[in-house]
Amino acid sequence: MDQEENAHYQKHQADALTQLDTLHKRAVNVLLRCKTVFPFDLFPNTLIIDFNKVDIIYSNFFGSSQTVSIPIQRLNHISVDSVLFLSTLRIEVKGMDKNPPPLHSLMSKDAHLAKNIILGLMSASANGIDLSHLQSREAIEKLIEIGQSV
C-alpha cells in the first residue's frame, strides 16, 4: 500500500469512527422513560425514547418481558386516547404486518409528552436534521414544541 492509499484508508477510518461516535451519543441519550401504572397494569410496561428509536418493553409475567425496538424512520403515526388521568399510546409502524400492542394505563402527562417528543423526532428525521450535537434538555424542549405544532 503506498502512502496515498494509506492516507485515504486512515481518513476513511477516522470518518467511520466519527459517525459511530455520533450514533453512540444519540443512542445513549434517553429523552424519555416512563412506565404504565400499577395496579391498572399488573405487569407495568416501559416506554423508552432516544434520538434513534422507540423501545417498548412489554412485561408479561414476573421476570418475563418482550422488547420491541422501532427506528424513528419507520414510525408512521402516533395517537393518544385519554380518560381522566390515564391514557393509551398507539404506535403505527411502516412496513410491519401488525403494529405493536398499545400501551394502556400510562399517566396522561407521560403519554402526551411521549407523543410530542416522537412527533418532533419524526419531523426532524423527515427533514434530515441531525440532533446529535444538542444536549438532551435542549433537544427535548425543541422536540416537544415541534410535536405540539404538528
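Give me P(r) over segment 60-99, computed from all C-alpha to C-alpha distances, binned every 5 Å, as integer percentages.
With a bin width of 5 Å, the distribution comes to 6, 16, 21, 18, 19, 17, 3.
How far, in nm, would the chain grow between SER64 and SER82 when pulled straight, counting 0.36 nm per residue and subtracting the alpha carbon separation? Don't skip to the end; give the middle numbers.
Values: separation 18, 0.36 × 18 = 6.48 nm, distance 2.78 nm.
So the chain would gain 3.7 nm between SER64 and SER82.
I'd like to check one number: the per residue accessible area of the chain, probe 1.4 Å, reported in Å² as a whole number.
63
Scan segment 92-140 for trypsin sites (Lys or Arg not before Pro) in coil per DSSP, keeping those whose Cβ has at most 13 other Cβ atoms within 10 Å, and list them by number.
Within segment 92-140, the qualifying trypsin sites (Lys or Arg not before Pro) (loop, at most 13 other Cβ atoms within 10 Å) are LYS94, LYS98.
Quick check: net charge around GLN148, other residues with Cβ under 14 Å of its Cβ, Lys/Arg +1 and Asp/Glu -1?
Once all neighbours under 14 Å are counted, the net charge is +1.
Report in % the part of the accessible area of the chain that belongs to carbon and sulfur, leaving out ligands and nucleic acids; probe 1.4 Å. Show your work: numbers first, answer last.
Values: 5160 of 9450 Å².
In the chain, the share of accessible area belonging to carbon and sulfur is 55 percent.
Can you list the aspartates and glutamates whose alpha carbon is less than 18 Å from that of LYS98, not counting same-chain residues fewer than 8 positions off?
Counting by Cα, and skipping residues close in sequence, LYS98 has these aspartates and glutamates nearby: ASP55.
Cα centroid distance between segment 35-80 and segment 117-150, in Å?
20
Apply 1/(1 + (r/R0)^6) to the Cβ-Cβ distance of ALA14 and LYS109, taking R0 = 41 Å, and write down the FRET efficiency to the nearest 0.05.
Calculated transfer efficiency: 0.40.
Show me the helices of the chain, taken as full DSSP H stretches, that run 15 Å or more along their long axis by Cα and average -0.5 or above in Kyte-Doolittle hydropathy. Intermediate values should be presented prior to the final figure.
Values: long enough: 3-28 (37 Å, -1.28); 108-126 (27 Å, 0.46); 136-149 (20 Å, -0.38).
Helix filter hits for the chain: 108-126, 136-149.
Report Rg(Cα)/(2.2 N^0.38 Å) for segment 23-90, keeping two decimals.
Details: Rg = 13.2 Å, N = 68, 2.2 N^0.38 = 10.9 Å.
That works out to 1.21 for segment 23-90.
Where does the chain land on Rg(C-alpha)/(2.2 N^0.38 Å)?
In units of the globular-protein estimate, the chain measures up at 1.26.
Work out, in µm²/s and without decimals, the Stokes-Einstein translational diffusion coefficient of segment 58-135 at 25 °C, 0.890 mPa s, Rh from Kirkwood over C-alpha pairs. Display every interim value, and only then the final one.
Numbers: Rh = 14.0 Å.
Value of D from the Cα-based Kirkwood radius: 176 µm²/s.
The values are calculated or read from the model by the stated rules, or taken from the named source; none is laboratory data. Just so it is clear, the structure is predicted and the values come from calculations on it, not from any experiment. As a convention, Cβ positions derive from the backbone with ideal geometry for all residues, glycine included, and neighbour counts pool all protein chains shown. What goes into the accessible areas is simple: the full protein's heavy atoms, side chains included, and nothing from ligands, DNA or RNA. Shrake-Rupley method; radii C 1.70, N 1.55, O 1.52, S 1.80 Å.
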